[in-house]
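Notes follow once the structure below has been shown.
The values are calculated or read from the model by the stated rules, or taken from the named source; none is laboratory data. Predicted model only: the values in this text are computed from it and were never measured. Neighbour counts are summed over all protein chains in view; Cβ atoms, including those assigned to glycine, are modelled from backbone coordinates with ideal geometry. Quick note on the areas: whole protein, heavy atoms, side chains included, nothing else; ligands and nucleic acids left out. Shrake-Rupley method; radii C 1.70, N 1.55, O 1.52, S 1.80 Å.
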Amino acid sequence: HTGRRWYLVAWTPDRGDWRTYRVDRIESGISLGRRFQPRDPPDGDVQAYVSRSVSTSAYPHHARVLLHAPLALVAERVAPTVATLEAIDEQTCLMRTGGNWYGEIAIYIAAIGVDFEILDPPELAQHIRELAQLFDRATR
């Protein structure tokens, strides 16, 4: 689970790949008579796989951001359903996230409240510049 929702990670023979399903969206189904074949978890870490699946992979726009704050601090402010976090050193961490549009990602990053650098994509940096101008005009 990610705190608010439970997920099922399952191998889908039709696709030949792992999938993440929200448990509250699963309806009862008809058994197809297939037998379960045990497999190693995806990427060796089911929790990390679910976090990537629901925070990044599901969205059309992705971003990598260097946050100038310790991982422990950022982890208190960023839910695993929003981003994956990785420590770079004691004072910085890497955030990978996704969204429906870059403006959404930009606002979320700013709301974390720490200094940051956009690693990619350049379109996100442009959205942040535009939002900075919008906020500047709004506070004059």
What ranking, highest mean first, results for peptides 121-133, 71-83 when packing means the other Cβ atoms within 10 Å averaged over each residue?
71-83, 121-133
Taking alpha-carbon centroids only, the range 57-77 lies from the range 91-140 a number of Å equal to 11 Å
Calculated Rg and Dmax of the chain using C-alpha coordinates, Å
18.3, 67
In whole percent, the fraction of accessible protein surface over the chain that belongs to carbon or sulfur atoms, probe radius 1.4 Å, stands at 51 percent
What accessible area per residue, rounded to a whole number of Å², is obtained for the range 13-140 using a probe radius of 1.4 Å?
69 Å²
How long is the gain from ARG77 to GLN37 if the chain were fully straight, where each residue apart is worth 0.36 nm and the alpha carbon distance is subtracted?
10.6 nm
Need one number: nm distance between label points at GLU104 and ALA10, each 7 Å from Cα along Cα→Cβ, rounded to one decimal.
2.6 nm
Please work out whether the range 92-140 counts as rounded, prolate or oblate from its C-alpha gyration tensor, where a ≥ b ≥ c are the square roots of the eigenvalues and a/c under 1.5 means rounded, while otherwise a/b larger than b/c means prolate and anything else oblate?
prolate
Based on the mean of other beta carbon atoms within 10 Å per residue, what is the order of 102-111, 8-17, most packed first?
102-111, 8-17
Please work out how much length the chain gains when fully extended from LEU119 to TRP18, using 0.36 nm per residue of separation minus the C-alpha to C-alpha distance, in nm with one decimal.
33.5 nm
How would you rank 134-140, 85-91, highest first, on the average number of other Cβ atoms within 10 Å across their residues?
85-91, 134-140
